[in-house]
């Protein structure tokens, strides 16, 4: 449930306008349009332009480049959720003969498949896709640059393979599948493979003089799944709301959580900058917030979409210049401005509507050695486990229906939690991935690994 959407305060709106005005002026971009979404609804949009009286609105298309990859990743996750593939499957299982088939589906999604960053031959973003009609033309004779699974190396050909995978398993062109399974259900009517009027033209701005040159607009052909799409600030705001909340017609919230979970080893530079990559989503730690989304660029265009599920906020920035404003910083700043000026008001506390007595029996403090943790029942028979205060291991657990629970996140993700009972039916201890949690620290008679000193606790000897 989301909170009712309220109008932003005038001071907040002015701060947002100031941020994009500075970005358009200092970034020397012909136009810039931005939007903020909160509680699943657009709450602000503005634009700046070098042409008086012709500022773009939420309905003007811009090319969004690699934000296209997030759409492709959603299609792949749908295939997984339908049981048509497993993320651990090697590509060869479903799309044989590419020369890159050792990489798994998850590795391709996370850019850890070892593939080259770009396609061989002329710069694919500024040349017709007809120069690369087949996958072999996209990959070249030596598609790999690194051992599979060893490092994060951003790869446009990797997402071309994922687009071909979607086509193979769906038996239809990538864009047709995209429209039927994402664009139409989410009402993204102004997102398309080819530009539709009204749309912005792409420009290169001279780095040392205030003059411009139009950029060519090429159909990417086989590379479409990596960066073909055109969209609007309005459509991307709705897409950001979907990525935050999920929509069972397209993809549920648990699969979206999986997409924004780090899936690639970070380079040293990425560790320093607080960035990472999930499954089709870029991740960043900024201003104390974990943000997800994706950037995009093609000659003549820069784009960024970012969202924070915790704040229930998203932001979109689109420009029509080859290089200029740092749109990823601008989008993150828009989100920060709203979060700090108008922090999210939490939902009212409400008691659970149902609770199994066996869960209430487990609630409260437990001890792992001398460390105190609290176990709390949650909705739908789940549990959460974490320290009473401060930092420590925190995890949520889902009920398995047989008196056990499986960790969903954190240190205990995938681990099994079970309550071990005495012959009289009372709970002796909790077993969590071989760790024993007791009601008292080093409780006598409990099966604590290594045993408990029979003399128990004592003061310092004199």
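Over 24 Å, how big is the tail of the calculated P(r) for the range 133-228, in percent of all Cα pairs?
Values: 1922 of 4560 pairs.
That tail contains 42 percent of the Cα-Cα pairs.
Looking at [x] 84, 58, 48; [y] 60, 50, 41; [z] 63, 55, 36, which value of Cα extents along the principal axes in Å comes from a calculation on the structure shown?
[x]
Is the C-alpha gyration tensor of the range 131-175 telling us rounded, prolate or oblate? Criteria: a/c under 1.5 is rounded; beyond that, a/b larger than b/c is prolate, otherwise oblate. Each step should come with its number before you reach the end.
Details: a/c = 2.65, a/b = 1.55, b/c = 1.71.
It comes out oblate by the Cα gyration axes.
Using a 7 Å offset from the Cα along the Cα-to-Cβ direction at both residue 340 and residue 389, what is the distance between the two label points in nm, to one decimal?
According to this spin-label approximation, the distance is 2.8 nm.
Going by alpha carbons, how many degrees (0 to 90, nearest 10) lie between the helix axis of 156-170 and the longest principal axis of the chain?
80
Need the C-alpha centroid separation for the range 353-384 versus the range 404-462, integer Å.
Here the two parts' Cα centres lie 14 Å apart.
Over the Cα atoms of the range 403-462, how large are the radius of gyration and the largest Cα-Cα distance (Dmax), in Å?
Reported Rg and Dmax, both Å: 14.6, 48.
By how many nm would the segment from residue 14 to residue 462 lengthen if fully extended, with 0.36 nm per residue of separation less the alpha-carbon distance? Before the final figure, lay out each step's value.
Numbers: separation 448, 0.36 × 448 = 161.28 nm, distance 6.97 nm.
Here the segment from residue 14 to residue 462 would lengthen by 154.3 nm.
Given R₀ = 45 Å, what would the calculated FRET efficiency be for residue 127 paired with residue 310, taking r from the Cβ atoms and rounding to 0.05? Show your work: numbers first, answer last.
Values: r = 42 Å, r/R0 = 0.93.
E(calc), rounded to 0.05, equals 0.60.
For the range 167-321, what class follows from the C-alpha gyration tensor (a ≥ b ≥ c being the square roots of its eigenvalues): rounded when a/c is under 1.5, otherwise prolate if a/b is larger than b/c, else oblate? Spell out each step's value before the answer.
Numbers: a/c = 1.67, a/b = 1.12, b/c = 1.49.
Oblate shape, in that a/c is at least 1.5 and b/c is the bigger or equal ratio.
Once you order the gyration tensor axes a ≥ b ≥ c over the Cα atoms, which shape class does the range 230-322 get: rounded for a/c under 1.5, otherwise prolate or oblate by comparing a/b with b/c?
Details: a/c = 1.69, a/b = 1.03, b/c = 1.64.
Oblate shape, in that a/c is at least 1.5 and b/c is the bigger or equal ratio.
Cβ neighbours within 10 Å, averaged per peptide: list 373-381, 96-104 in order, most packed at the top. Before the final figure, lay out each step's value.
Details: 373-381: 14.8, 96-104: 17.6.
Result, highest mean Cβ count within 10 Å first: 96-104, 373-381.
Output the peptides 429-442, 22-35 sorted from most to least packed, where packing is the average of other Cβ atoms within 10 Å over each peptide's residues.
Numbers: 429-442: 16.9, 22-35: 21.8.
So the peptides 429-442, 22-35, ranked by packing, come out 22-35, 429-442.
Quick check: pseudo-label points 7 Å beyond the Cα along Cα→Cβ at residue 413 and residue 187, how many nm apart are they?
Taking the two extended label points, one gets 3.3 nm.
Hey, what number do you get for the chain at 222 nm if only DSSP H runs of n ≥ 4 count, each worth -39500 (n - 2.57), divided across all residues, to the nearest 500?
On the way: 12 runs with 114 residues, N = 462.
Computed mean residue ellipticity for the chain: -7000 deg cm²/dmol.
When the distances between all Cα atoms of the range 315-462 are binned every 5 Å from zero, what whole-number percent does each bin get?
Answer for the range 315-462: a P(r) of 2, 7, 13, 15, 13, 11, 9, 7, 7, 5, 5, 3, 2, 1, 0, 0 percent.
Any read-out appearing in this document is the output of simple, stated calculations on the displayed coordinates, not a laboratory observation. Keep in mind that this is a model prediction, so the values were computed, not measured. Note that we place each Cβ from the backbone using ideal geometry, even for glycine, and neighbour counts take in every protein chain shown.
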